[in-house]
Amino acid sequence: MTPRATPLAPDDRRTAILAALVPLLVERGGDVTTKEIARAAGIAEGTIFRVFPDKAALLMAAAEEAINPSGGEESFHAVLAEIPDLRDRVVFVAGRVLDRMRLTMAVMVAVRPHLAAKFHEAHEQGQKAPLGPPPFMVK
């Protein structure tokens, strides 16, 4: 049995779950189970579904976190402000962009089959499936 997780506010619990999930998606892909996610986050599996309505929503949130990490802009600017030399700043920015692109691509490749399945499911049910990228991708 999983030990009881420390009580957290819903937003903090969401952040903790996503912090555990994103590396799992990079390592294992989209076939990671909610049981594995819960174990990595140190919570019970049911806790995931108190924060996310289903696995598809969880994976979409992970994709959004990979693309637009919470606190990412602030931490980026804080580190950049500490680098006085222009060349070093450019090297830092290029490295950060490359790292973020690799992470984003790995997560999106893991999430893509689930997004496609959701699209096809809506189509089969006669519902109009949204076309184009999710809103968080076009900010």
### Query
If you take the residues of the stretch 33-45 that are hydrophobic (A, V, I, L, M, F, W, C) and free of Cβ contacts under 8 Å to residues at least 40 places away in the same chain, which of them is surrounded by the most Cβ atoms within 10 Å (Cβ to Cβ)?
Ile37
### Query
Name the residues in the stretch 20-36 that are among the β-branched types (Val, Ile, Thr) and out of contact with any Lys or Arg (no Cβ under 8 Å at 6 or more places or on another chain), would you?
Val22, Val26, Val32, Thr33
### Message
All but one of (1) β-branched (Val, Ile, Thr); (2) within 20 Å of Ala19 (Cβ to Cβ); (3) touching a Gly at 6+ places or on another chain (Cβ under 9 Å) hold for Val138; state the number of the condition that does not hold.
### Response
(2)
### Query
Residues in the stretch 82-93: is at least one under 19 Å from Arg28 (Cα atoms) and assigned to a loop (DSSP other than H, G, I, E, B)?
no
### Message
Please verify whether Ala57 is open to solvent by less than 80 Å² (accessible area, probe 1.4 Å) and touching a residue at least 12 places away in the same chain (Cβ under 8 Å), treating the condition exactly as stated.
### Response
no
### Query
Which condition number does Arg39 fail, the rest of (1) within 21 Å of Leu8 (Cα to Cα); (2) assigned to a helix (DSSP H, G or I); (3) in contact with a helix residue (DSSP H, G or I) (Cβ under 8 Å, 6 or more places away or on another chain) being met?
(3)
### Query
If you check Lys128, Lys118, which single one turns out to be over 16 Å from the mean Cα position of the chain (by Cα), under 21 Å from Val32 (Cβ atoms) and at pLDDT below 90?
Lys118
## Note on the structure
Checked Val26, Val107, Val22 against criteria (under 28 Å from Val138 (Cα atoms), β-branched (Val, Ile, Thr), in a helix (DSSP H, G or I) and open to solvent by 60 Å² or more (accessible area, probe 1.4 Å)); the one match is Val26
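The values are calculated or read from the model by the stated rules, or taken from the named source; none is laboratory data. Worth saying up front: this structure is predicted, and the values here are computed from it rather than measured. Note that we place each Cβ from the backbone using ideal geometry, even for glycine, and neighbour counts take in every protein chain shown. Side chains are part of the model used for accessible areas, which takes the heavy atoms of the whole protein and leaves out ligands, DNA and RNA. Shrake-Rupley method; radii C 1.70, N 1.55, O 1.52, S 1.80 Å.
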